[in-house]
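Novice: Quick one: structure below, then a few questions.
The values are calculated or read from the model by the stated rules, or taken from the named source; none is laboratory data. Here the structure is a predicted model, which is why all the values come from computation and not from measurement. Glycine gets a Cβ as well: all are built from the backbone with ideal geometry, and neighbour counts include every protein chain shown.
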Amino acid sequence: MRDFNYHRPADVSAAAALLAKESEAKLVAGGMSLLPSMKLRLAAPSDIVDLGAVGALKGIKVEGKEVFIGAMTCHADVAANADVKRVLPALAELADGIGDPAVRHRGTIGGSIANADPAACYPAAVLGLDAVVETTKRKIPADSFFTGLFTTALEPGEIVTGVRFKAPDKAKYMKLRHPASGFAVVGVMVAKYGSNVRVAVTGAGPSAFRVAAMEKALSANFSAKAIEGITIPHADLMSDIHFSGEYRANAVAVMARRAVAAMG
Ligand SMILES: Cc1cc2nc3c(=O)[nH]c(=O)nc-3n(C[C@H](O)[C@H](O)[C@H](O)COP(=O)(O)OP(=O)(O)OC[C@H]3O[C@@H](n4cnc5c(N)ncnc54)[C@H](O)[C@@H]3O)c2cc1C
């Protein structure tokens, strides 16, 4: 790991000022993704701006069907929150299935979505639950947030302040868990809002995506049978030594059917 300057601002505007001043500075939230990449020298920031003391970025607010999660809220807090469990249980379950207890107590929702790891779970929730990502500069709808492999619509110096979810009538996240890390080989969030259904996939492609054919079929007939014949083209999916694109495409179909079946 290379040397760096360490900063621990007390509020968001001080953090933003540090990012604006140091062009090679990087935010750190839980450090669960950034620190390993620094150790591997895939990232070598001149300055680390630690958001750990910015209390305003931490916490959960549930009002009616709206669930707001502050960027610095760790996965374990989302998983354990009684209001989230009541209004949006699929999100609490997703958070509870991330990595292991150490990762869940350090990793944050802001860090996870800003990092946009193709195998991360939260991107499926953000897209599937029609969320809005709030930042120091604007509000970004889920459909335009994830732009590619480890890339998002965030501009340099822009800080995620929180994510606002709309609780659906019902939702379910189904993950084929990587046996070593817990990351999603494939994860599918299915959410039903009245007669509209959203289906969002993570783990399979370079970034999370929605499956329009499944959404249309489920909006007409909300049953696992309705999506039985729908296949996912695998040419653009990720292939690695563990799982081929073809395997992942099949897993998307299976996980989507299981999610719908589990919702009854
Ligand atoms: C062993 C292991 C298993 C894991 N398993 C899973 C899993 O099953 N599912 C899953 O979804 N994830 C998994 N993760 C990832 C984990 O969820 C981390 O929480 C996530 O990758 C990053 O969150 P963080 O808070 O640690 O971010 P950091 O590592 O601190 O930061 C990540 C990136 O986001 C940027 N950033 C951080 N906060 C902000 C902000 N507020 N605004 C703008 N940019 C910001 C940083 O500059 C950095 O580039 C796993 C990680 C490990 C190490």
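Novice: Within the stretch 210-233, how many residues are crowded, with 16+ Cβ neighbours inside 10 Å and at pLDDT below 95?
Specialist: The number of residues fulfilling the criteria is 1.
Novice: Which pairs do you get when a residue that is in the same structural domain as E134 (by TED's automatic domain parsing), found in the stretch 49-64, comes within reach of a residue that is modelled with pLDDT under 95, reach meaning Cβ atoms under 7 angstrom, with the pair 6+ apart or on two chains?
Specialist: none
Novice: Does L127 meet the test of being surrounded by fewer than 18 Cβ atoms within 10 Å (Cβ to Cβ), within 24 Å of A253 (Cβ to Cβ) and away from the ligand (no atom under 12 Å from the Cβ)?
Specialist: The answer is no for L127.
Novice: One residue is enough: does the stretch 134-156 have a residue meeting the conditions touching a residue at least 24 places away in the same chain (Cβ under 8 Å) and acidic (D, E)?
Specialist: Yes; the residues of the stretch 134-156 include at least one that is touching a residue at least 24 places away in the same chain (Cβ under 8 Å) and acidic (D, E).
Novice: Filter the stretch 156-181 down to residues that are within 11 Å of the ligand (Cβ to nearest atom) and among the small types (G, A, S) and give me whichever is farthest from E134 (Cα to Cα).
Specialist: A180
Novice: Among the residues of the stretch 245-263, is any in a loop (DSSP other than H, G, I, E, B) and either of a type in the set (A, V, I, L, M, F, W, C) or assigned by TED's automatic domain parsing to the domain that holds V67 (or both)?
Specialist: No, the stretch 245-263 has no match at all.
Novice: In addition: What are the residues in the stretch 89-116 that are more than 8 Å from the ligand (Cβ to nearest atom), of a type in the set (D, E) and in contact (Cβ under 8 Å) with a residue 60 or more places away in the chain, if any?
Specialist: E93
Novice: Turning to a different aspect of this structure: Give just the number: which of (1) more than 12 Å from the chain's Cα centre (by Cα); (2) within 15 Å of the ligand (Cβ to nearest atom); (3) within 15 Å of V260 (Cβ to Cβ) does A153 not satisfy?
Specialist: Tallying (1) more than 12 Å from the chain's Cα centre (by Cα); (2) within 15 Å of the ligand (Cβ to nearest atom); (3) within 15 Å of V260 (Cβ to Cβ), A153 fails exactly one: (3).
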